[in-house]
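What follows is one structure encoded as structure tokens, with my remarks underneath.
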Amino acid sequence: MAIISRFPDVEIPDRTLPQFVLDSAMARGDQAAIIDGVGGRTLPYADLYEGVRWVGAGGLRHGCAPVTSCASTPTAGSSSSTGSRQ
């Protein structure tokens with residue numbers, strides 16, 4: 001049995017999900033993409049965009065390791081961070 005929505009059909013863009021997300025990030029520029037709820041630090045969309053592109057371009061192959069940090073301390077490598085470097 002087919003289920004029909006009462007809402008109009010969704011238009012699907014002719015590009016990949018990463019392209020769609022990154023295009024949106026650049027359009028938002030200096031607006032906050034990620035906000036640390038504890039310390040109030042923000043990461044602008046433009047910086048998020050550059051970081052994603054850097055990793056996608058092979059940044060991790062150039063001797064840099066990914067960082068995992070806990071949700072309450074987004075600053076990797078600080079003495080209060082519980083994140084670990086791989």
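The values are calculated or read from the model by the stated rules, or taken from the named source; none is laboratory data. Computed from a prediction, not measured in an experiment: that's the story for all the values here. When we count neighbours, we look across all protein chains shown, and the Cβ atoms used for this are built from the backbone with ideal geometry, even at glycine.
Has the range 36-45 got any residue that is modelled with pLDDT of 85 or more, in contact with a Pro (Cβ under 6 Å, 6 or more places away or on another chain) and surrounded by 10 or more Cβ atoms within 10 Å (Cβ to Cβ)?
yes
Note down all Cβ pairs under 7 Å where the first residue falls in the range 33-44 and is on the phi < 0 side of the Ramachandran plot, the second is hydroxyl-bearing (Ser, Thr, Tyr), and they're at least six residues apart or on different chains.
That search, which allows pairs on different chains as well, returns Ala33/Tyr45; Ile34/Thr42; Ile35/Thr42; Val38/Ser72.
Can you name the residue in the range 3-29 that is closer than 21 Å to Val55 by Cβ and of a type in the set (D, E, K, R) and is also surrounded by the most Cβ atoms within 10 Å (Cβ to Cβ) among such residues?
By that ranking, first place goes to Arg28.
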